[in-house]
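Presented below is the structure to which this report refers.
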Amino acid sequence: GATGMLLGLVASAAIIWTIDYTTNKSAANGIVFLIMFFIANYASTWGAVASWIVPSEVFPMRVRGKAIGLATMGNWLANVIVAFVTPILIRPDVADVSGTFMFYACFMFIAIPFVAFLLPETKGVPLEEMEEKFSLPLKEHIRNNASELCRRRPKTQGSKPDDFANKL
């Protein structure tokens, strides 16, 4: 999801920087397509999964209700910040449209390794065992998540799934 969002933002910013989309209909259509691509990636991953499904799966039973409430509050707070900051950033004397896209693309660039290495796979893990996944020391947590990531990735010829995780 973050990778698709990053690509949509960077490509849109590149078109805006290099082509006058106000006179070039193809460039304008390309930007519209890339923004729709961004929205599709957001709606199918971060909008639903990261905002609502992950918080409901990762918190232990004893704090689950309060933790989901705090996660929801954080989600709404982030939405409010984006809603207030974007009109300021989009002004030509601040960052302009392309600069605003690149600003948010930087957050997506940071999010990719965060999700890959710090957010464990929760599919098929019972709620009772979820606390164990988060109680490991950080280095071991990252190593385990990297191993899981390598196992889920299609194997390429000549590589073992745990080669990458063992290097961490």
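So what is the relative contact order of the chain, in percent, for Cα pairs below 8 Å that sit 6 or more residues apart?
Relative CO of the chain lands at 25 percent.
So what's the back-of-envelope 222 nm ellipticity for the chain, counting only DSSP H runs of four-plus at -39500 (n - 2.57) apiece and dividing by all residues, rounded to 500?
Counting only the DSSP helices, I get -22500 deg cm²/dmol.
When we measure straight from the Cα of LYS139, which aspartates and glutamates land under 17 angstrom away, once same-chain ones fewer than 8 places off are left out?
Candidates past the 8-residue exclusion: GLU121, GLU131, GLU148, ASP162, ASP163.
Determine the shape class of the chain: with a ≥ b ≥ c the square roots of the Cα gyration tensor eigenvalues, call it rounded for a/c under 1.5, and otherwise prolate if a/b is greater than b/c, oblate otherwise.
Because a/c hits 1.5 or more and a/b fails to exceed b/c, the chain counts as oblate.
Taking all protein chains as present, what is the carbon and sulfur share of the accessible area of segment 1-115, in % to the nearest whole number, probe 1.4 Å?
Using a 1.4 Å probe with all protein chains present, segment 1-115 comes out at 77 percent carbon and sulfur.
Relative to the longest principal axis of the C-alpha atoms of the chain, give the angle of the C-alpha long axis of helix 25-41, reported between 0 and 90° and rounded to the nearest 10°.
Helix 25-41 sits roughly 20 degrees off the main axis of the chain.
I need the shape label for segment 7-105. Rule: rounded when a/c is under 1.5, else prolate if a/b > b/c, else oblate, with a, b, c from the alpha carbon gyration tensor.
prolate
Give the residues of segment 96-122 whose amide nitrogen is closer than 12 Å to a point set 7 Å from the Cα of VAL82 in the direction of its Cβ.
104-105, 107-108
What accessible area per residue, rounded to a whole number of Å², is obtained for the chain using a probe radius of 1.4 Å?
The answer is 66 Å² per residue.
The values are calculated or read from the model by the stated rules, or taken from the named source; none is laboratory data. These numbers were taken from a predicted model, which means no experiment stands behind them. Every residue, glycine as well, gets a Cβ built from its backbone with ideal geometry; the counts of neighbours run over all protein chains shown. Heads up: the accessible areas ignore ligands, DNA and RNA and are worked out on the full protein's heavy atoms, side chains in. Shrake-Rupley method; radii C 1.70, N 1.55, O 1.52, S 1.80 Å.
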